[in-house]
1. Can you give me the ranges of the helices (runs of 4 or more DSSP H) entirely in the stretch 40-117 with at least 2 residues that are under 23 Å from Gly135 (Cα atoms) and either in contact (Cβ under 8 Å) with a residue 24 or more places away in the chain or out of contact with any Ser or Thr (no Cβ under 6 Å at 6 or more places or on another chain) (or both)?
2. Where in the stretch 159-245 are there helices (runs of 4 or more DSSP H), lying fully within it, with 1 or more residues that are modelled with pLDDT of 75 or more?
3. Restricting the search to the stretch 136-158, which residues are touching a residue at least 24 places away in the same chain (Cβ under 8 Å), over 23 Å from Ala91 (Cβ atoms) and in a loop (DSSP other than H, G, I, E, B)?
4. Which one of these is closer than 18 Å to Leu23 by Cα and either crowded, with 19+ Cβ neighbours inside 10 Å or within 20 Å of the chain's Cα centre (by Cα) (or both): Ala160, Ala91, Ala98?
5. Kindly evaluate Ala108 against the criterion of being surrounded by 17 or more Cβ atoms within 10 Å (Cβ to Cβ), at pLDDT 95 or above, in contact with a strand residue (DSSP E or B) (Cβ under 7 Å, 6 or more places away or on another chain) and on the phi > 0 side of the Ramachandran plot.
6. If we keep just the residues of the stretch 69-86 that are over 16 Å from Leu105 (Cα atoms) and within 14 Å of the chain's Cα centre (by Cα), which is surrounded by the most Cβ atoms within 10 Å (Cβ to Cβ)?
7. Inside the stretch 135-156, can you point out the residues that are surrounded by 17 or more Cβ atoms within 10 Å (Cβ to Cβ) and either farther than 27 Å from Gln31 by Cα or over 21 Å from the mean Cα position of the chain (by Cα) (or both)?
Amino acid sequence: MQVANILGIPFRTRGFEETVAYLTDRIEAGQRTHVVTANPEVVMAAQGNLRFKAVLDQAYVVPDGIGIVYAARWLNHPLRERVTGVELMTALMEQADARGWRVYLLGAAAEVVEKTAAVLSARYPQAQLVGWRHGYFDQTEEKAIVEDIASKRPDLLFVALGAPRQDEWINTHWDKMNVPLAMGVGGSFDVLAGVVKRAPLIWQKLHLEWLYRLLKQPSRWRRQLAIPMFVAAVLREKWTQRVQS
């Protein structure tokens with residue numbers, strides 16, 4: 001399987017529609033997949049974090065961020081387009097609706113995950129929402145949560161705990177849950193529940209969603225510091241390539 005290695009993270013090179021088709025085929029065939037939607041912040045979180053890096057090495061990582069696509073071009077890697085988390089989740093829910101798949105939601109605040117479940121049930125009535133739970137739990141509750149997920153036998157498990165926690169959590173409990181596809185979806189529940197609005201289409205087309213979110217939520221500025229750090233790291237990698245060529 002072809003990958004684009006961006007600062008040590010193996011991004012899959014399929015486009016959006018190809019990714020949806022590939023994952024759908026794997027679910028139908030009973031092949032298990034842990035999907036990670038990674039943006040520059042996730043890539044930088046993995047630098048020096050060996051545990052998180054090991055999780056990404058074993059997962060199916062998609063480029064959720066235009067910065068990843070630009071970095072791939074600078075580094076001469078074959079990566080065609082973004083595969084955003086909320087859009088991939090929506091596309092998989094469309095497949096769940098068409099195929100009667102079972103779906104479990106884990107994460108976000110109680111009112112948010114409940115609203116997300118209601119929205120998805122109304123939008124995709126043939127998909128089976130078999131369970132949902134908020135993300136404010138401690139370690140003593142994890143065993144019961146994992147057992148509940150396993151007992152509900154979902155085809156799709158969406159986990160909204162924020163990165164890297166959501167993907168480390170999936171990886172830790174992967175063998176016990178036995179779900180065909182588990183995916184960390186970050187703030188997607190907030191978007192689907194209407195708590196957070198995506199940037200207007202023009203901002204999306206200009207690849208400025210990150211700036212729109214920063215203007216709407218100035219408290220995100222610390223997280224956004226990962227972007228210039230990512231750019232600097234990619235430029236160093238590009239310089240290294242030139243020196244060695």
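1. Numbers: elements: 40-46, 50-58, 66-74, 85-99.
Here the list reads 40-46, 50-58, 85-99.
2. Working: elements: 165-177, 188-192, 201-205, 209-216, 221-224, 226-244.
Per the criteria, 165-177, 188-192, 226-244.
3. Scanning the stretch 136-158 gives a single hit, Tyr136.
4. On the way: Ala160 fails: closer than 18 Å to Leu23 by Cα; Ala98 fails: either crowded, with 19+ Cβ neighbours inside 10 Å or within 20 Å of the chain's Cα centre (by Cα) (or both).
Among Ala160, Ala91, Ala98, only Ala91 is closer than 18 Å to Leu23 by Cα and either crowded, with 19+ Cβ neighbours inside 10 Å or within 20 Å of the chain's Cα centre (by Cα) (or both).
5. Values: surrounded by 17 or more Cβ atoms within 10 Å (Cβ to Cβ): yes; at pLDDT 95 or above: yes; in contact with a strand residue (DSSP E or B) (Cβ under 7 Å, 6 or more places away or on another chain): yes; on the phi > 0 side of the Ramachandran plot: yes.
The answer is yes for Ala108.
6. Among those residues, the one meeting the criterion is Val83.
7. Once the filter is applied, which keeps residues that are surrounded by 17 or more Cβ atoms within 10 Å (Cβ to Cβ) and either farther than 27 Å from Gln31 by Cα or over 21 Å from the mean Cα position of the chain (by Cα) (or both), the stretch 135-156 yields only Lys152.
The values are calculated or read from the model by the stated rules, or taken from the named source; none is laboratory data. Keep in mind it's a predicted model, so treat the numbers as computed, not measured. In this analysis, Cβ positions are derived from the backbone assuming ideal geometry, glycine residues included, and neighbour counts consider all displayed protein chains.
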